[in-house]
Amino acid sequence: MQIKALYKRSLLFRLTLNVLLLLLVYFAIRAWQTADVVRGQAPLFAATTLQDEAIRLQGYRDKPLMLHFWAPWCPICRLESDSVASVSKDYQVMTVVSWTSSADEVHAYLLENSLQLPVVFDEKNQLAAQYKINAVPTSLFIDADGMIRYIEQGYTSEWGMRLRLWWLSVMG
């Protein structure tokens with residue numbers, strides 16, 4: 001009986017150790033992926049959206065903001081685009097299209113997918129360079145004071161986006 005109990009404990013220990021190791025690897029990869037992305041105070045910029053709306057990052061300082069870099073050719077961006085649009089109905093969201101050759105391609109993508117998002121076309125990848133974004137999708141979660149608090153690269157669930165923005169609004 002004692003051997004069986006020791007075996008179960010040993011199995012539980014190994015399972016726990018494997019889970020912790022996987023989590024360590026996961027967080028290490030995430031830290032490596034976003035190592036170059038700007039942290040701290042979000043760099044200010046002014047731009048015009050595809051909808052011809054002049055925007056300034058400073059204009060978003062009253063509430064948390066998700067600054068989302070994406071491209072229409074990116075399969076992961078396509079997968080999460082409905083989530084980004086849904087979140088934008090309840091929170092401040094600004095999207096930036098980078099590494100895309102034409103604004104017409106972006107307009108077509110938005111129409112084809114019935115997406116209504118504020119979109120800045122980063123034609124020369126200047127905003128991506130300013131924020132040191134090297135892959136899409138990348139989402140920066142910026143608090144009401146303009147500080148970048150969370151960086152997510154790759155797929156982020158709608159609940160993950162909402163949770164980060166909610167937390168920033170509560171901590172505000």
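Restricting attention to region 10-42 and to residues that are basic (Lys, Arg) and at pLDDT 75 or above, the residue that is nearest to residue 142 (Cα to Cα) turns out to be 39. One residue is enough: does region 98-112 have a residue meeting the conditions surrounded by 20 or more Cβ atoms within 10 Å (Cβ to Cβ) and touching an Asp or Glu at 6+ places or on another chain (Cβ under 7 Å)? Yes, the conditions are met somewhere in region 98-112. Quick one: in region 59-70, of everything that is modelled with pLDDT under 90 and part of a loop (DSSP other than H, G, I, E, B), which residue is nearest to residue 131 (Cα to Cα)? Ranking the candidates gives 61 first.
Restricting 67, 117 to those that are more than 11 Å from the chain's Cα centre (by Cα), under 25 Å from residue 44 (Cβ atoms), of a type in the set (A, V, I, L, M) and surrounded by 14 or more Cβ atoms within 10 Å (Cβ to Cβ) reduces the list to 117.
Given the structure, is residue 129 exposed (fewer than 14 other Cβ atoms within 10 Å of the Cβ) and either out of contact with any helix residue (DSSP H, G or I) (no Cβ under 9 Å at 6 or more places or on another chain) or free of Cβ contacts under 8 Å to residues at least 60 places away in the same chain (or both)? Against the criterion (exposed (fewer than 14 other Cβ atoms within 10 Å of the Cβ) and either out of contact with any helix residue (DSSP H, G or I) (no Cβ under 9 Å at 6 or more places or on another chain) or free of Cβ contacts under 8 Å to residues at least 60 places away in the same chain (or both)), residue 129 qualifies. Kindly indicate whether residue 117 is closer than 26 Å to residue 171 by Cβ and at pLDDT 90 or above. For residue 117, the condition - closer than 26 Å to residue 171 by Cβ and at pLDDT 90 or above - is not met.
For region 71-172, the strands (runs of 3 or more DSSP E) that sit wholly inside it and include 1 or more residues that are more than 24 Å from residue 51 (Cβ to Cβ) are 147-153. Just one residue in the set 153, 130 is in contact with a Pro (Cβ under 6 Å, 6 or more places away or on another chain) and at pLDDT 90 or above; that residue is 130.
Residue check: is residue 96 among the β-branched types (Val, Ile, Thr), touching a Phe, Trp or Tyr at 6+ places or on another chain (Cβ under 6 Å) and either under 20 Å from residue 129 (Cα atoms) or modelled with pLDDT of 90 or more (or both)? Against the criterion (among the β-branched types (Val, Ile, Thr), touching a Phe, Trp or Tyr at 6+ places or on another chain (Cβ under 6 Å) and either under 20 Å from residue 129 (Cα atoms) or modelled with pLDDT of 90 or more (or both)), residue 96 qualifies. Residue check: residue 90 meets all listed conditions (1) surrounded by fewer than 19 Cβ atoms within 10 Å (Cβ to Cβ); (2) modelled with pLDDT of 90 or more; (3) over 17 Å from residue 142 (Cα atoms) but one, namely (3).
The values are calculated or read from the model by the stated rules, or taken from the named source; none is laboratory data. Note that the structure is predicted; figures quoted are calculated from it, not measured. Neighbour counts are summed over all protein chains in view; Cβ atoms, including those assigned to glycine, are modelled from backbone coordinates with ideal geometry.
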